[in-house]
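Contents: one structure, followed by commentary.
Throughout, read-outs are computed from the coordinates displayed, never taken from laboratory work. What you are looking at is a predicted structure, and each value in this text was computed from that prediction instead of being measured. Neighbour counts run over all protein chains shown; Cβ positions are idealised from the backbone, glycine included.
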Amino acid sequence: MMTLDDIRICVVGLGYVGLPLARLFATRYPTVGFDTDSRRVAMLNEGHDSTLEVDDELLQSALRDHGMRCTDRLDDVADCNIYVVTVPTPVDANNRPDLQPLLAASGMVGSVLCKGNLVIYESTVYPGVTEEVCVPALEAASQLHFNSDFFVGYSPERVNPGDKLHRVENICKVTSGSTPETATLVDSLYGSVLTQGTHKAPSIRVAEASKIIENSQRDVNIAFMNELAKIFNAMGIDTGDVLAAAATKWNFIPMKPGLVGGHCISVDPYYLIAQAQVYGVLPRVMSNARRLNDGMGAYVANRLVKLMNLKGVRVKDARILILGFAFKENCPDIRNSKVADIYHTLREYTPHITVCDPWVDADEVRAACGIEVVGSLPDDASFDALMLAVAHRQFASVDVRRLAPEPAVVYDVKGLLPREWVDERL
């Protein structure tokens, strides 16, 4: 088994998870970042991260001072002995796990795998994927034997896009390995670059399960808040006021209703739901939470329409402004944004919808969703209805009543705007 002094790392997949991890590993070990997107690789080698997860100064320091490099050529990573796989694990159109990116990455790694090498997976999966799906792909591509010629580990990612406080270097990481010696090596590797230490799980399956329930728990809790919001909206009670009152109890768990998008909470529970059914278990709570949260975009859009009708504002051909498109505040990530659901629901009534988001890439939104997004609004813009969908910091100072003067309807999904300007909050 190799020692920490022998390590040469390749991080496979340079997105929201892989790039921060590669940058961190590069502070201590020879590190190469690999990605099949040549445009992404070129941009990173120029010292800019379009996801904004790694500041340009930090990235440039990793390239300049620590020798990190990024490549789209497998030949450039053939001399590495640890491969860390951080590719996405999406779902298909029927919300079934799509393991193709993981299988493709395993095949590529397997093609350069050598005896004694270690492959660590960080992608979120259901228990069993690493050893039952990824390992056979590695064996097939490498013609090597698992746990004698090569070894695997699993250390689930805990990236929170846009979060500048909980960075990979200062969170606790769960680690695991396919043999006791491998588990110790994986744990030592991560422990050598993390400030908050590690938790060594007793098996890879336990580590896989731990990750998937982190996001499933959040999904269920938010679903409960969303259900409460629906109930209290029907009763004419402000949900935010109810939660503020309840939060005065010492053991109340403070959470808020909202749109659940992104690549973690809105996707990962489907992996456990699918695998639970294989074992004959119907996960009713998780399934209902997913169904409820997936419907919140259409729900808030229909609430806006109802409020417009009640206020006498003509809905057909109305001019509507949606503030925000990213799946969460202060980040450019548009993956699974539920704002798209809001837009498409409102499009049934009017084509005059303006979506404004200063954080996202308009070309990316157009290509992914077919929706036009503007980065700023003209001073003379005026709308019949306005929905604040994402709490970007730029929107906190927007005079929404200038943009949507009475009797226009203002709906605040995030509770960001002054109460007196808003017709309803989620």
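From Cα pairs below 8 angstrom and at least 6 apart in sequence, can you work out the relative contact order of the chain, rounded to a whole percent? Don't skip to the answer; put the middle values down first.
Values: 825 pairs, mean separation 46.0, N = 426.
It rounds to 11 percent for the chain.
At what distance in nm do the modelled label points of residue 287 and residue 393 sit from each other, each positioned 7 Å from its Cα along Cα→Cβ?
With each label point 7 Å from Cα toward Cβ, the separation is 4.3 nm.
If the rule is a partner Cβ under 4.7 Å, which cysteines in the chain fail it?
Singleton cysteines: 70, 114, 134, 172, 264, 331, 356, 369.
Suppose every K and R has +1 on its Cβ and every D and E has -1 on its Cβ; what is the size of the dipole of the chain about the Cα centre, in Debye to the nearest 20? Please report the intermediate quantities before stating the final value.
Details: 41 positive and 54 negative charges, 267 e Å.
Using Cβ point charges on Lys, Arg, Asp and Glu, the chain gives about 1280 debye.
Return one number: the angle in degrees, 0 to 90 and rounded to the nearest 10, between the long axis of the Cα atoms of helix 180-191 and the longest principal axis of the Cα atoms of the chain.
So the inclination is approximately 50 degrees.
When the gyration tensor of region 295-425 is built from Cα positions, what are the square roots of 5 times its three eigenvalues, in whole Å, from largest to smallest? Please report the intermediate quantities before stating the final value.
Numbers: eigenvalues 86, 53, 38 Å².
The answer is 21, 16, 14 Å, longest axis first.
In whole angstrom, note down how far apart the Cα centers of region 354-378 and region 111-144 are.
39
I'd like to compare 342-348, 31-37: which one has the highest average count of other Cβ atoms within 10 Å, and what's the full order after that? Before the final figure, lay out each step's value.
Details: 342-348: 19.0, 31-37: 22.7.
Per-residue Cβ counts within 10 Å, averaged per peptide and sorted highest first, yield 31-37, 342-348.
Going by alpha carbons, how many degrees (0 to 90, nearest 10) lie between the helix axis of 268-278 and the longest principal axis of the chain?
For helix 268-278, the angle is close to 70 degrees.
Kirkwood Rh over alpha-carbon pairs of the chain, then Stokes-Einstein at 20 °C and 1.002 mPa s: what D in µm² s⁻¹, rounded to an integer?
On the way: Rh = 23.2 Å.
Value of D from the Cα-based Kirkwood radius: 92 µm²/s.
For residue 424, what residues show an amide H to amide H distance below 5 Å, using hydrogens built from the backbone and excluding near sequence neighbours?
Distant-sequence amide H within range of residue 424: 410, 412.
Can you compute 3J(HN,Hα) from phi for each residue in region 403-409, using the Karplus curve 6.51 cos²θ - 1.76 cosθ + 1.60 with θ = phi - 60°, rounded to whole Hz and x for Gly and Pro?
After applying 6.51 cos²θ - 1.76 cosθ + 1.60, I find 6, 10, x, 3, x, 4, 9 Hz.
On C-alpha positions alone, give me the angle between the axis of helix 204-235 and the longest principal axis of the chain, in degrees, nearest 10.
Taking the Cα atoms of the chain, the angle to 204-235 is about 0 degrees.
Given the Cα-Cα distance of residue 374 and residue 213 and 0.36 nm per residue of separation, how much length would full extension add, in nm?
On the way: separation 161, 0.36 × 161 = 57.96 nm, distance 3.67 nm.
Between residue 374 and residue 213, full extension yields an extra 54.3 nm.
Given the Cα-Cα distance of residue 146 and residue 61 and 0.36 nm per residue of separation, how much length would full extension add, in nm? Don't skip to the end; give the middle numbers.
Details: separation 85, 0.36 × 85 = 30.60 nm, distance 3.69 nm.
Extending this stretch completely gives an extra 26.9 nm.
Using the 10 angstrom Cβ neighbour count as an exposure proxy, how do 188, 266 rank, fewest first? Before the final figure, lay out the partial values.
Numbers: 188 14, 266 24.
Sorted ascending by nearby Cβ count, the order is 188, 266.
What list do you get for 421, 250 if you sort them by fewest beta carbons within 10 Å? Working shown, then result.
Values: 421 15, 250 5.
Result, fewest neighbours first: 250, 421.
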